[in-house]
1. Can you run down the residue pairs with Cβ atoms below 9 Å, 6 or more apart or on separate chains, where the first is in the stretch 29-53 and within 19 Å of GLY205 (Cβ to Cβ) and β-branched (Val, Ile, Thr) and the partner is more than 14 Å from the ligand (Cβ to nearest atom) and outside any loop (DSSP other than H, G, I, E, B)?
2. Give the stretch 225-263 a look and list any residue that's assigned to a strand (DSSP E or B), without any contact (Cβ under 8 Å) to a residue 60 or more places away in the chain and closer than 14 Å to TYR149 by Cα, or say none.
3. Out of all the residues in the stretch 243-279, which are on the phi > 0 side of the Ramachandran plot, under 20 Å from the mean Cα position of the chain (by Cα) and surrounded by fewer than 13 Cβ atoms within 10 Å (Cβ to Cβ)?
4. When you look at ILE101, is it more than 8 Å from the ligand (Cβ to nearest atom) and either touching a Pro at 6+ places or on another chain (Cβ under 8 Å) or in a helix (DSSP H, G or I) (or both), yes or no?
5. Quick one: is SER18 hydroxyl-bearing (Ser, Thr, Tyr) and assigned to a loop (DSSP other than H, G, I, E, B)?
6. Going by the structure shown, is TYR126 of a type outside the set (Asp, Glu), in contact with a Leu (Cβ under 9 Å, 6 or more places away or on another chain) and away from the ligand (no atom under 14 Å from the Cβ)?
7. Taking ILE156, is it of a type in the set (A, V, I, L, M) and either modelled with pLDDT under 95 or in contact with a strand residue (DSSP E or B) (Cβ under 6 Å, 6 or more places away or on another chain) (or both)?
8. Of the residues SER198, SER213, only one is within 11 Å of the ligand (Cβ to nearest atom), of a type in the set (S, T, N, Q) and surrounded by fewer than 23 Cβ atoms within 10 Å (Cβ to Cβ); which?
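The values are calculated or read from the model by the stated rules, or taken from the named source; none is laboratory data. As the structure is a computational prediction, the values presented were derived from the model and not from experiment. Here Cβ is always computed from backbone atoms with ideal geometry, including for glycine, and neighbour counts include all displayed protein chains.
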Amino acid sequence: MGLSKKTVKFLSKKCTRSLAGKTVLITGANSGVGYKTAEILIYLGARVIMACRSAEKANAAREKLLSEYPNADIRVMSLDISDFDSIDKFADKLPDVDVFINNAGVFMHPGETTKQGFDLVMGTNYIGVYYLSEKILPKLAQLGHGVAYINTISIIHKVAKVRFDRFFSEKGAYSRSKLCLARYSEYLFRKYSGTNISVFMSHPGITITQIASHVFGRIYFLAKIMPFNSTEKSSLSAAVILAGDVPEGSVVGPGKLFGGWGYPKVNKKCKRALRDIDPLIEFTQNAVEKVNSGREEKTKAQVT
Ligand SMILES: NC(=O)c1ccc[n+]([C@@H]2O[C@H](COP(=O)([O-])OP(=O)(O)OC[C@H]3O[C@@H](n4cnc5c(N)ncnc54)[C@H](OP(=O)(O)O)[C@@H]3O)[C@@H](O)[C@H]2O)c1
């Protein structure tokens, strides 16, 4: 099908920098915003690596993109962002990239947990990204060229609260996971400022993808006929960031109606995302270390 005429027009006006020769890795690129982001960046000339948990879905998405862009350079890597074992393997094989987009995410899965026992939503959208980033950013910082590191948040983080005594509660997990990710991204932006790593946040506003289809079930088709942003329009944030005029640390996403609709632009940062960052990092480090010492004990027990 290819990109719409409106998207092509937007790109020809706002994103004139070619991405030829640049390698972009996108997590969860087999569907929704990740897939469309891949398509847009391929259109702009980038090589794309799709890091996905399902090889079957990733290869099908790759084939679909190749049918539209036969000369594109598209690779697939295995990554389950909710599983520390998968992240360890992925980090060992980390390729040289110019852009890394943490896009994979899940919405409302009450009662479900990750392999390491975290609430699935917090474990995927925040803890997984934290664990991955702590592993790969020191490696990316050794590359002799610039790297744009883009974390995908959501406008819903603006109404979230973080309480450490209810950190892994399934109630409010999605918005809390995105607020934690926004605070962590701010931490990373400050930590890597002045290095080869440029940290950004993007968000897609509100667009109908598969992310909430399990929640709404049979009435999901109603959402599809509502006037939300098309997934293509919602996936232009990375292209805008990579066009070059966006300051490091910015949040980029649709700019109309509280950030839910429209074409992407630099958004005003939410004050909530700028406070209580250090206690969050300390809490997260402790939670991850606790799980990791359990994993080490398990490995030792298996060996002896
Ligand atoms: N749609 C919106 O309105 C909206 C609004 C704000 C923010 N966002 C954010 O945008 C991002 C993309 O969401 P979307 O709307 O495009 O949803 P989507 O179509 O469901 O795409 C999510 C992608 O993440 C992948 N994924 C989920 N869990 C994973 C895991 N453990 N490891 C690796 N990949 C995993 C999915 O893979 P599978 O196909 O294998 O499940 C899928 O490829 C998410 O971070 C989401 O929170 C979306």
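1. THR37/VAL24; THR37/ALA239; ILE40/THR7; ILE40/LEU11; ILE40/ALA239
2. VAL252
3. Hit for the stretch 243-279 is GLY244, nothing else.
4. In short, no.
5. In short, yes.
6. Answer is no for this residue.
7. yes
8. SER213
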